[in-house]
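Visitor: Could you have a look at this structure, given as structure tokens, before my questions?
The values are calculated or read from the model by the stated rules, or taken from the named source; none is laboratory data. As the structure is a computational prediction, the values presented were derived from the model and not from experiment. Virtual Cβ from ideal backbone geometry, glycine too; neighbours counted across all protein chains shown.
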Amino acid sequence: MNKLKCLRICMCWMLLMASVTVFGQNNVIDEVVWVVGDEAILKSDVEAERLNAQSEGRRFDGDPYCVIPEQLAIQKLYLHQAEIDSVEVEEQRVLSQVESYLNDIIASVGSKEKLEEYYNQSLREIRERVRETVRTRAIVDEMKRKLIGEIKIVPADVRRYFRNLPQDSIPFVPTQVEVQVITFEPKIPQEEIERVKKTLRDFTERVESGDIAFSTLAKMYSEDPGSARNGGEYGFQGRGELVPEFANVVFNLTDPKKVSKVFETEYGYHIAQLIEKRGDRVSYRHILIKPRVEEKDLDVALNRLDSIAKDIRNEKFTFDEAAPFLSHDKETRNNHGLMANPNTGTARFEMQDLAQVSQEMAKVVNELNVGEISEPFVMVNRKGKEVCAIVKLKTRIDGHKATIAEDYQRLKAVVMDKLSEEKLDKWIREKQKNTYVRINENWVKCDFKYPGWIKK
């Protein structure tokens, strides 16, 4: 599972812990602890966030019963300003995030029934709570962006910031690498493709004859780890969230009792079944079967790559020249095989980032010297397919304290964050002056970050 997916699942757990667990308890006696403007902060709100932090191992800088209400109060300030300024977020984007989070957590717990059982609420109720939380956070983020506005930073700002940093505060940059890759996808025999197609056609016949449910077959046979445990279901998705070949099929489904024809994507072969359509979003089930790669076909691809690597080492052509014409990797071959870090958009990878792309590749790269080309190896690519590859270590930048010369963009981002924080900090202090705030006497004895909550 990649880093972004793990983060999404964690976030989903936090959202649910915060919005369902506390409010689902009948034995909690609620009370108003803060009032900000005309908005109340409840004791249950505070407890929810405390559980949230506990679930992810996050500690507060101070008493959580002081820190948390203040954080929630600041959120109320942003939301109030957003209402004044008519700041809105695209509902479609909110729904997309909600469904993505729910899909991930359902896959994690095993089924939507288990999720409903765990929280003693229907999926509809859980979805609504998550939707409100996601929407609120999205509005706050949008309001922050508006308040920050456009901050222009010139190199002189970065140099000045860096010059004034104490030596022990200079950030440490872990070892980074730039990697070029050439991949070969082993040839799949036609008889194997026909076997997969026949299997899926047999599934279709069994479903449409009423012999077995589509979801049951998906749980038993689908090779999509993200949906198999949930009966092949992904929830509502927009066309832009799907690869074109997949979208073209599922968005043209009209009868929930029918199953699509067998179709191919870069992930393998599929059949799909419509669940429901809502506007420009569709909910569906699908089964994915990947053709098996035989050892002899892997050997052919590995031998071919071995020959290419030898020709490059013998200077018949360069890695840069070979990648556009020989590599099967669509994402890199037009950039001379140079990989892009999906987390940063740059060509630089920390080793942990590279391992998230491919653990096999990370192990190989870790043993290479700069300019060296690896021996051919087998790895699983981002599409979940077994492919053969050779890599070249283009650049290695050893771990070091940040410098202007090597890490300008990283330091620029730090300065941007600092200036943004200062701007928001100033806005909060000004907003406090004109906002009605009442704090329960049992919750007022705190060392607040912003003392202006208490009017003198």
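Visitor: Restricting the search to the range 166-183, which residues are surrounded by 14 or more Cβ atoms within 10 Å (Cβ to Cβ) and hydrophobic (A, V, I, L, M, F, W, C)?
Guide: Ile170, Val173, Val177, Val179, Val181, Ile182, listed by residue number.
Visitor: Go through (1) among the β-branched types (Val, Ile, Thr); (2) in contact with a Phe, Trp or Tyr (Cβ under 8 Å, 6 or more places away or on another chain); (3) within 22 Å of Asn381 (Cβ to Cβ) one by one and return the number of the condition Val130 breaks.
Guide: Failing condition for Val130: (3).
Visitor: Follow-up question, since we're still on this one. Which of the following residues is of a type in the set (Val, Ile, Thr), in the same structural domain as Arg137 (by TED's automatic domain parsing) and in contact (Cβ under 8 Å) with a residue 40 or more places away in the chain: Ile41, Ile68, Ile74, Ile84?
Guide: Answer to the selection: Ile74.
Visitor: Sort out for me the helices (runs of 4 or more DSSP H) sitting completely within the range 60-140 that have 2 or more residues that are within 28 Å of Ile439 (Cβ to Cβ) and in contact with a Ser or Thr (Cβ under 8 Å, 6 or more places away or on another chain).
Guide: Per the criteria, 64-84.
Visitor: Could I ask something else about it? Take the range 321-377 and flag every residue that is acidic (Asp, Glu), crowded, with 17+ Cβ neighbours inside 10 Å and farther than 23 Å from Tyr267 by Cα.
Guide: If the condition is that a residue be acidic (Asp, Glu), crowded, with 17+ Cβ neighbours inside 10 Å and farther than 23 Å from Tyr267 by Cα, then Glu350 is the only one that fits.
Visitor: Which numbered condition trips up Val33, out of (1) of a type in the set (Val, Ile, Thr); (2) touching a residue at least 60 places away in the same chain (Cβ under 8 Å); (3) surrounded by fewer than 20 Cβ atoms within 10 Å (Cβ to Cβ)?
Guide: Among (1) of a type in the set (Val, Ile, Thr); (2) touching a residue at least 60 places away in the same chain (Cβ under 8 Å); (3) surrounded by fewer than 20 Cβ atoms within 10 Å (Cβ to Cβ), Val33 violates only (3).
Visitor: Next question. Hey, can you tell me all the residues within the range 73-104 that are modelled with pLDDT under 95 and either over 19 Å from Thr136 (Cβ atoms) or aromatic (Phe, Trp, Tyr) (or both)?
Guide: Those that are modelled with pLDDT under 95 and either over 19 Å from Thr136 (Cβ atoms) or aromatic (Phe, Trp, Tyr) (or both): Tyr101, Asn103, Asp104.
Visitor: Give me a count of the residues in the range 206-244 that are of a type in the set (D, E, K, R), closer than 21 Å to Leu123 by Cα and buried (at least 20 other Cβ atoms within 10 Å of the Cβ).
Guide: Selection size over the range 206-244: 1.
Visitor: Can you tell me how many residues within the range 229-271 are more than 22 Å from His328 (Cβ to Cβ), part of a helix (DSSP H, G or I), out of contact with any Asp or Glu (no Cβ under 9 Å at 6 or more places or on another chain) and free of Cβ contacts under 8 Å to residues at least 40 places away in the same chain?
Guide: Number of matching residues: 4.
Visitor: Check every one of the strands (runs of 3 or more DSSP E) wholly within the range 351-456 and list those with 3 or more residues that are aliphatic (A, V, I, L, M).
Guide: Those strands (runs of 3 or more DSSP E) span 377-380, 386-397.
Visitor: For the range 165-202, give me each residue that is in a strand (DSSP E or B) and in contact with a Gly (Cβ under 6 Å, 6 or more places away or on another chain).
Guide: Answer for the range 165-202, where residues must be in a strand (DSSP E or B) and in contact with a Gly (Cβ under 6 Å, 6 or more places away or on another chain): Gln180, Val181, Ile182.
Visitor: If you don't mind, another one. Does at least one position in the range 214-225 carry a residue that is in a helix (DSSP H, G or I), under 20 Å from the mean Cα position of the chain (by Cα) and modelled with pLDDT under 95? Break it down into steps so the answer makes sense when it comes.
Guide: Applying the first criterion (in a helix (DSSP H, G or I)) to the range 214-225 yields 214-221.
Now drop any that are not under 20 Å from the mean Cα position of the chain (by Cα), which leaves none.
For the range 214-225, residues in a helix (DSSP H, G or I), under 20 Å from the mean Cα position of the chain (by Cα) and modelled with pLDDT under 95: absent.
Visitor: For the range 255-279, enumerate the residues that are out of contact with any strand residue (DSSP E or B) (no Cβ under 9 Å at 6 or more places or on another chain) and closer than 30 Å to Val380 by Cβ. Walk me through how you get there before you give the answer.
Guide: Of all residues in the range 255-279, those out of contact with any strand residue (DSSP E or B) (no Cβ under 9 Å at 6 or more places or on another chain) come to 266, 279.
Passing the criteria: only Glu266.
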